[in-house]
Each structure stands twice: as C-alpha cells, then as structure tokens.
1. Which of these, 150, 81, 202, has the largest mean-square fluctuation under a Gaussian network model of the chain (Cα springs below 10 Å)?
2. For segment 145-232, how big is Rg over Rh, using alpha carbon atoms and the Kirkwood form of Rh?
3. Expressed as a whole percentage, what fraction of the accessible surface of the chain belongs to carbon and sulfur atoms when a 1.4 Å probe is rolled over the protein heavy atoms?
4. Let a ≥ b ≥ c be the square roots of the eigenvalues of the Cα gyration tensor of segment 163-206; is it rounded (a/c under 1.5), or, if not, prolate (a/b larger than b/c) or oblate?
5. Rounded to the nearest 5, what is the percent of antiparallel bridges among the DSSP beta bridges in the chain?
6. Grab the Cα-Cα distance for residue 118 and residue 173, subtract it from 0.36 nm times how many residues apart they are, and report the gain in nm with one decimal.
7. Based solely on its DSSP helices, what 222 nm [θ] is calculated for the chain when runs of n ≥ 4 H residues each add -39,500 (n - 2.57) and the sum is averaged over all residues, nearest 500 deg cm²/dmol?
8. Hey, what angle do you get for helix 172-181 against the long axis of the chain, alpha-carbon based, 0 to 90 degrees rounded to 10?
Amino acid sequence: MYASRDRLILLDADGTIIDAFSAIETAFNLHGMQIGDLERFQKRRNLFKYLGGLKEFPRNLAKSLGNSNRKELIATLTDIYREQAMLYPSIAPLLRQLLATPGIKVGLVTRNVTHEPAITLARLFARHDLDIQQLDFFSCIALKTPKNVYFSTALNQLGINPARAFACGDEHKDYLAMQAAGVNPFMVSYGFEDLQRLTLKYAVPEVIISRTPEELGARIRHAFDLPDSILN
C-alpha cells in the first residue's frame, strides 16, 4: 500500500524550532515600534499579533501605515533572520540526530514571511552547522494557505503511511492541518500561541503540547526510539 516503511517528521519553523519572537521584537525595535512581551503576544488574535496591545497599538499603527513601511520592516526582518535569529536551545542537536538516523525522513513546512525564505532559512540553519539541503521535504507556503495540502504532498512524494508520520506546530491552525492530513501531532506552547489559548479556546489536547523546546525534543526522541542526545 505504501512505497516506504520509513517514518516522517514534518517541522514548523517560526515559533516551533526558531525563536521567531526575538527576531520580530528586534525588527520592530529598529523601526521604532514595540510588540510587547511574549505572554501578551501569544494571546492576541492573528489580526492584532503585529499591531501590539492597547499600549503599543497607536504607535505601531502609525508606523506601519504605508506599503513602503511594511516593505522596510520585512527587509529588516529578513536581515535579522539571516544574520542573527537562532534555533531554540536544544533544537540543533535534535535535528542533527533526526537527519543522521536511517529510516527517518525529515521535512519543513513553513509560512516564514522573510524575502526568499528558502535562502533565509538556509543561512539560519548554516549558523547551527545544519544543511537545509539534507531535508527530505521543504516547502515555504503563503500565509493563508492550509498546511494539510503540503503535509499530504510530503506523504505522497515520500510514500509514507500517515500512521508513521508526525508533524509539529505552535498554532491551532497547525493542529487542524495535522488532523486533516491524518498525521500524528506534536504541539508546543512556547511559540505564537500559549497553553491556555491552545487548550481552552481551540481544544487542543494538553497531553500533546510541549511547554519547552527541551520537552519537544524528549517527546520526539521517545516517539522515534532515539537515545537522549548529549550533543550541543
């Protein structure tokens, strides 16, 4: 029925393996804007994520009006991602371990908003001694595009049984995409949505949510029968 008996893990980038909030915060500060703290950022609806809360909204709105201002902000964010942004602690050794293990395919499906995100992420990965070309599946998608289409594409291209496939994400729409594609879910609450929002508002099961990157790594290693890593 399936061409391969390999297992598959499909990763999300921003907020799951990449510390996107720190990069966004730095870009905003360079443009005289403020995004507020992570706790409040996680609780905002998507429409207001980048306009801030009541304290930041008026200044950010004034600064962000105009197409040229938005382009400049994205250009700055691109530079920060390429030169400064980092994977969360413990994620790099996890990725190295996954990529080096026979029988495990590794993919990345992301809505990263920088210019030429494939180049951006390749440079970010390279700073951690990771080669993005080693990934078995890689796709940068538009902001409003559902991920389940790309999850299914990865399954079909690699011939993987959905029962042997996992995906990671930090937003409720990631969880819905995993359900739609029939893959096993890993969710995190340290990214763009917090634990309360994921569980109470969107009914994501708490038992599949990791509170830290280290906990995510432990869950993935257990699911894939990998030993604990001692690499940095």
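The values are calculated or read from the model by the stated rules, or taken from the named source; none is laboratory data. Quick caveat, the model's predicted, so the values are computed rather than measured. These accessible areas exclude ligands, DNA and RNA; they are computed on the full protein's heavy atoms, side chains included. Shrake-Rupley method; radii C 1.70, N 1.55, O 1.52, S 1.80 Å.
1. Comparing 150, 81, 202 in the GNM, the peak value goes to 202.
2. Computed over Cα atoms, the ratio is 0.99.
3. Exposed carbon and sulfur together represent 55 percent of the surface.
4. In terms of gyration-tensor shape, prolate.
5. Percent antiparallel among DSSP bridges in the chain is about 5.
6. Taking 0.36 nm per residue and subtracting the Cα distance, the gain is 17.6 nm.
7. Estimated from H runs of four or more residues: -12000 deg cm²/dmol.
8. Relative to the chain, helix 172-181 is tipped by roughly 30 degrees.
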